[in-house]
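See below for the structure under consideration.
Bear in mind that the values in this text are calculations on the coordinates, not laboratory data. Computed from a prediction, not measured in an experiment: that's the story for all the values here. So basically every Cβ, Gly included, is an ideal-geometry build from the backbone, and we count neighbours across all protein chains shown.
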Amino acid sequence: MPHIAVKMFPGRTEEQKQEFAAKVVEAAKTILGSSDASLSVSISEVEPAEWDARVYDPEIAANESMLYKRPGYGALAQS
């Protein structure tokens, strides 16, 4: 039952977001063995000026031990 929540800067087209979600679903089905019916994907746009407060600090840095891919920016890039 994965729900995949993606946060990104604004600027992608609806077509790009749809294509991304479709590819994430296909990867989850192939790699995790999930069914199409069990998957959901959401995409939230976050303004660059709000990124640290809304995403980086509370979701990335605060959950460092859960990261499977570290960001190449911010304090975690250097550790």
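Placing +1 on the Cβ of every Lys and Arg and -1 on the Cβ of every Asp and Glu, with nothing else charged, gives the chain a dipole about its Cα centre of roughly 280 debye.
Relative to the longest principal axis of the Cα atoms of the chain, helix 14-32 runs at roughly 70 degrees.
Net length available on complete extension from Lys29 to Glu45 is 3.3 nm, with 0.36 nm assigned per residue and the Cα-Cα distance removed. The label point for Gln18 and the one for Glu64, both projected 7 Å from the Cα toward the Cβ, are 4.1 nm apart. All other residues whose Cβ lies under 14 angstrom from that of Gln16 are scored, Lys and Arg at +1 and Asp and Glu at -1, for a net of -1. Each other residue within a Cβ distance under 13 Å of Leu76 adds +1 if Lys or Arg and -1 if Asp or Glu, for a net charge of -2.
Charged neighbours of Asp52, selected by a Cβ distance under 13 Å, balance to -2 (K, R count +1; D, E count -1).
Look at the alpha carbon pairs under 8 Å that are at least 6 residues apart: their mean separation over the length of the range 3-79 gives a relative contact order of 38 percent. By the Cα gyration tensor, the range 1-45 has an equivalent ellipsoid whose semi-axes, rounded to whole angstrom, run 21, 10, 7 from largest to smallest. Candidate values (1) 36, 12, 8; (2) 38, 16, 10; (3) 25, 17, 10 were compared with semi-axes √(5λ) of the Cα gyration tensor in Å computed on the shown model; the agreeing label is (3). 3J(HN,Hα) along the range 58-65: x, 10, 9, 4, 5, 10, 3, 5 Hz, from the Karplus curve 6.51 cos²θ - 1.76 cosθ + 1.60 with θ = phi - 60°, whole Hz, x for Gly and Pro. The ranking of Ile31, Ile60, Ile43 by Cβ neighbour count inside 10 Å, starting from the fewest, reads Ile31, Ile43, Ile60.
For the range 15-79, chymotrypsin sites (Phe, Trp or Tyr not before Pro) meeting the loop criterion (DSSP other than H, G, I, E, B) and having at most 12 other Cβ atoms within 10 Å: Tyr68, Tyr73.
Only helical runs count toward this figure. For the chain, summing -39,500 (n - 2.57) over DSSP H runs of n ≥ 4 and dividing by all residues gives -9000 deg cm²/dmol at 222 nm. When the chain is described by a simple charge dipole with +1 on each Lys and Arg Cβ and -1 on each Asp and Glu Cβ, the residue from Val41, Ala22, Tyr68 located farthest towards its positive end is Tyr68.
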